[in-house]
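Let me begin by presenting the structure, written as structure tokens, before commenting on it.
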């Protein structure tokens with residue numbers, strides 16, 4: 001990837017796009033450092049430590065902005081939620097399904113609907129978080145005109161910050177390199193890297209001061225981290241290829257077809273979506289715990305405590321939900337019957353299987369097996385940090401979701417740079 005960046009920097013057009021992307025990232029990080037008025041960051045940090053399941057996840061997605069009570073505290077979480085909702089509704093609502101099949105014009109309309117939904121979700125989340133901040137005594141003014149004014153400022157600032165992040169992402173899409181939202185998410189996660197390094201150095205210091213177990217655990221975690229990156233790269237590029245043979249056919253005086261190709265079925269077809277679905281669902285008990293006092297009744301506190309991030313029940317449910325959501329997401333994205341019909345329309349066949357139902361059953365069987373492998377891959381990556389943290393008793397910033405996002409965005413950006421350079425070095429058919 002470093003070599004790709006060096007070669008891209010030598011091309012003036014790509015250099016401008018890279019500089020523009022860096023400028024947007026710089027603006028994003030400035031917005032992540034502007035504090036919100038009337039909020040106490042110390043109270044928010046205590047709330048994150050007490051309810052780490054949901055708010056720690058939001059803090060990671062925002063690059064630490066949520067815990068520091070800054071302008072971009074909501075970051076891209078409303079946009080991610082909106083995108084997931086619209087994508088799921090595209091299967092259930094005929095109008096949205098038609099838009100998804102209308103090409104570029106339909107995609108633009110879906111993006112417009114997604115943006116409007118993002119604004120609504122950002123406003124809803126801002127109002128909900130304000131009342132939660134108020135219950136945690138994190139708001140400076142709560143009564144009278146000052147309280148109303150403080151509420152309006154906090155809610156509107158959080159909503160405007162989320163909308164600004166979406167706008168910055170679209171600027172990267174138009175004039176920069178890579179997917180804008182993914183680039184900003186990447187920047188937010190990577191910005192927490194120095195704090196993770198400082199934490200590891202602190203553990204090493206504790207090891208030299210007498211806690212010798214850290215002298216073993218810290219190198220072990222680094223090895224696991226590097227192995228995790230290599231494993232994610234291999235699994236992200238892995239695919240199962242279904243061979244396809246196209247029959248020859250005459251069109252006028254020319255012969256077409258007669259070629260062999262394949263249908264690539266990626267092992268990780270759904271990306272990090274199943275992890276996001278599972279995290280959002282398991283975050284509901286943590287949200288309830290943040291909005292109500294679990295000590296009001298003892299059984300409520302015990303029940304909600306079972307869903308804490310470091311509990312075995314959370315890890316088990318997390319594992320099962322990731323597998324279930326992976327199958328669900330692949331089912332709405334890939335239709336074996338549609339693939340089989342498209343092959344038959346184009347005179348294509350899978351060697352050894354007749355067109356129609358046999359081909360559909362074979363493709364469905366292959367997708368099911370590949371989906372199971374990809375689901376186990378995502379589930380292991382997701383619960384590995386929980387297991388490592390439970391064994392070592394160390395608060396590590398080694399989130400499986402964040403590692404997949406960082407590696408995936410880096411690989412996707414490198415591929416886009418390579419394709420851009422290939423287009424600019426293509427001499428054409430006239431030479």
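A short reminder: the numbers here are calculations on the coordinates, not readings from a lab. Since the structure is predicted, the reported quantities are computational estimates derived from the model, not experimental observations. Methodologically, a virtual Cβ is constructed for each residue, glycine included, from the backbone with ideal geometry; neighbour enumeration extends over all protein chains shown.
Between the beta carbons of residue 5 and residue 149, assuming R0 = 60 Å, the FRET efficiency works out to 0.80 to the nearest 0.05. Put a dot 7 Å past the Cα of residue 173, heading toward its Cβ, do the same for residue 346, and the two dots end up 2.7 nm apart.
With just the Cα atoms defining each centre, how far is segment 67-128 from segment 173-195? Give it in Å. That distance is 19 Å. Summarising the label geometry, the points placed 7 Å from Cα in the beta-carbon direction at residue 95 and residue 220 lie 5.7 nm from one another. With only the Cα atoms considered, segment 1-43 has a convex hull volume of 72 Å³ per residue.
Here the contact order of segment 23-189, divided by its residue count and restricted to Cα pairs under 8 Å and six or more residues apart, works out to 31 percent.
When 99, 222 are arranged by Cβ crowding within 10 Å, least crowded first, meaning fewest neighbours, the order is 222, 99. With contacts taken as Cα pairs under 8 Å at a separation of at least 6 residues, segment 331-385 carries a relative contact order of 30 percent. The alpha carbons of segment 23-189 occupy a box of 51, 34, 30 Å along the principal axes, longest dimension given first.
Take the alpha-carbon centre of segment 340-384, take the same for segment 221-247, and report the distance between them in whole Å. Distance between centres, Cα-based: 17 Å. In this simple spin-label approximation, residue 112 and residue 40 carry label points 7 Å from Cα along the Cα→Cβ vector, and these lie 4.6 nm apart.
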